[in-house]
Structures are given as C-alpha cells and as structure tokens.
1. Could you check the stretch 8-35 and list, in sequence order, the residues that are assigned to a loop (DSSP other than H, G, I, E, B) and in contact with a helix residue (DSSP H, G or I) (Cβ under 7 Å, 6 or more places away or on another chain)?
2. When you check residue 193 against the structure, is it more than 18 Å from residue 385 (Cβ to Cβ), touching a strand residue (DSSP E or B) at 6+ places or on another chain (Cβ under 6 Å), touching a residue at least 60 places away in the same chain (Cβ under 8 Å) and outside the structural domain of residue 297 (by TED's automatic domain parsing), yes or no?
3. Within the bounds of the stretch 159-167, is there any residue that is under 20 Å from residue 240 (Cβ atoms), touching a residue at least 60 places away in the same chain (Cβ under 8 Å) and surrounded by 19 or more Cβ atoms within 10 Å (Cβ to Cβ)?
4. Which one of 282, 271, 208 is at negative phi and surrounded by fewer than 18 Cβ atoms within 10 Å (Cβ to Cβ)?
5. Residue check, residue 111 against (1) surrounded by fewer than 20 Cβ atoms within 10 Å (Cβ to Cβ); (2) touching a strand residue (DSSP E or B) at 6+ places or on another chain (Cβ under 9 Å); (3) in a helix (DSSP H, G or I), all met but one. Which one?
6. Just one of the numbered conditions (1) surrounded by 24 or more Cβ atoms within 10 Å (Cβ to Cβ); (2) free of Cβ contacts under 8 Å to residues at least 40 places away in the same chain is not true of residue 289; which one?
7. Restricting attention to the stretch 82-105, report how many residues are assigned to a helix (DSSP H, G or I), touching a strand residue (DSSP E or B) at 6+ places or on another chain (Cβ under 7 Å) and closer than 16 Å to residue 191 by Cβ.
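The values are calculated or read from the model by the stated rules, or taken from the named source; none is laboratory data. Computed from a predicted structure; not experimentally measured. Note that we place each Cβ from the backbone using ideal geometry, even for glycine, and neighbour counts take in every protein chain shown.
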C-alpha cells in the first residue's frame, strides 16, 4: 500500500493518478438524447410507460424502465456508478445521509435478538444509534478497543451478526486491522460493515480487504464543498440490493437528484483535493508534535502512532484528519481559546470540506457520549479535531501557531 521507498508527496501523486480518471468519468457519458456531457438533472418524481405491459414488466423487475423517483433516478444512478468505481465494488446505493446508510445497513442485516461488536471510539451519532436506539428494537452492541482484534474475538456471542469497523476512528484516529477482523468474521459466518468516511476511497478501500459493505457520509470529503448531505452503501450487488430495498424503498431514505448532481460534481475534483489535504495534514501533524503547547498528536502518518505500521500496510494514504491535545491544567478552557483564536481555519463541525475545520469533540460532536465512555474512548477535554482543507499549508500552520499562542 504505502511504499516507504517513495516520499509521501510522490505516493499521493500516484494515488491521485490511479483514481483521477474514475473521479472525472465514471458514471458519466454523453447524453444520447441531447449530446450533453454533464449527466442530466432529472427531477421527475414519476416516469411514464408506453404500454400496460411495459408497466407490468417494470413492476416485475424486468428491464430497466424507471418507475418512481424513490425507486430509481438516472441522476442518482450515475452518482452510484461513480462511487462503486471508486470503492471497487459491484454496486452502490446512494442514501439521504451517512446515518441513513449506517442505520439501513444494520437494520437490513440485524433483527431483534441480534448482537453487534463495534469500536469504542467512533462517530458519536453511530455510537448513539448502537447505544440508545437499537436496544429498543432488541439489537445490542458490545463496544471494544477496535485497534485490538482479540477484543473483537472476545466479544463475539452466538447471537452476533455484525462486526462493525470504523478506521481511522473518529476522533482519535486509531487504526483497526481490517483484514484480521474480516478473517475473524468469515471464520464465524458474520457480516462486516466498514465506515470509510474518515479515510475515503483515496486513502483506503476496505472492500478490497474483504469487507462486505462499505458506508460513507458523502457529505464529507466525497462531496467536499459543504453544500450537500448524502450517504452511500457500496458492496456486492445482492447485499446492496437488499439494503436499498430496506433503506430507500422501505424507509424512504432517498437522495434527491439535485443533491446527487452536486455530489457528483464535487467528486470530479476529489483526487486533487485529497492529494493536497492529505499532504498538508501529515505536515501539520509532524509540526504539532514539536510544539510546546501540545501534549499529544493523533495521525497515522506519525511514526509514533501506535498503528503506524498497520496504516502503511492497509492504506493508500494517511488521510486528511488529525487530532491533537493541548497542554494545560485546564485543557478544556485552553482548547476553547484555540477554537476562538483561529482566523483562517473555521470553527465548525463536519469534515472533508475544502475549508479546514476545527472542532472540540468533548463539548460538541461527542457530547452525547456518557463522560465515562468518552474517557474510555480516549476523548479528553483538551482534544481538538482538525479536518484539513485545500488552503496552502503555510497559511494553515501560521494560523494554528498564532491560535496556540493566544
């Protein structure tokens, strides 16, 4: 994956080259009716039939006629083809949000009495789904240190159905051994789901490592411009079809054609954006390790990261996210002062934007986690999460330095 004989910028250039054509062209093509190069934005909620037999055949699943906007739309399907190409899967299903992709995948695979093993450190709303909402449906979860495959193995029960993976984790950037967890799941006949939002297909392709289903919040790096909310499920055709039947047709988690148009447009520059952001993130992480105001830095590019060697083996790049902890007797107060002092970097939730975004997880994104759970997940009061955008590196570094002094 990551070749230590090549410099990191060269590695990023090679990765951008490897997927750049798919970013621009996959799912697109000259529209036969008009010659348009851009995929047409089809806003119709219903589609007409030439005959009663054509309609009946469409409802029997024969042919490729469109029926109703919730069941299929050409603009959305063009985006799905682009995502399947980037993740290297047979199929993809676009959804209304990343959480729709996560919850729909879980509810398709699990039923009352099912059990899930999931990371202790993960996206807070997913954790809340597992901790608060699924138990009301009879689905329980054991949270483990996902950097330890043995912890997954120890948590498996007879009723376990899913091993859930999020790597690198949100917000501490811990790395899970995907192949090892997949091997464990296959040996037990279990299903694997991986949230690849933090890494993106630029930095990691879990399906190639054996994961059954890969989910994303397309709101983040894939769309990349902070103007569209969406999710996607990628995997084998039968698995994606089952999940689409549940989440889109059954629960109505449909992505609007206009949103699909925006996200597809954003993906065309995805490889270029990620090349810049990943290079800047690694440089900022390295510089922060030498700053006197910083206690710890979390980023897989750092040789001091506990799973650095694993990241080199399974990732194409180290990603554009990092987190760091400030030193202070009152780390919470100092962290908030840093947030309020940045000028170029934006204090906002979300990630993967063209803008660099800084957030304090303990009081915002992960505030719904019980305090004891946050401590076990290594999410401390002085932790700040930085999503690096495409601004020039030196501008970002100058802004961080003055904010840390402030």
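1. The answer is 26, 27, 28.
2. Criteria met by residue 193.
3. Pass one, the stretch 159-167, residues under 20 Å from residue 240 (Cβ atoms): 161-166.
Okay, now just the ones that are also touching a residue at least 60 places away in the same chain (Cβ under 8 Å), so none.
There is no residue in the stretch 159-167 that is under 20 Å from residue 240 (Cβ atoms), touching a residue at least 60 places away in the same chain (Cβ under 8 Å) and surrounded by 19 or more Cβ atoms within 10 Å (Cβ to Cβ).
4. 208
5. (3)
6. So the condition that residue 289 fails would be (1).
7. 4
Quick grid of which residues meet (1) touching a strand residue (DSSP E or B) at 6+ places or on another chain (Cβ under 7 Å); (2) surrounded by 24 or more Cβ atoms within 10 Å (Cβ to Cβ); (3) farther than 14 Å from residue 101 by Cα:
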position: 171; (1), (2), (3): yes, yes, yes
position: 180; (1), (2), (3): no, no, yes
position: 203; (1), (2), (3): no, yes, yes
position: 230; (1), (2), (3): yes, yes, no
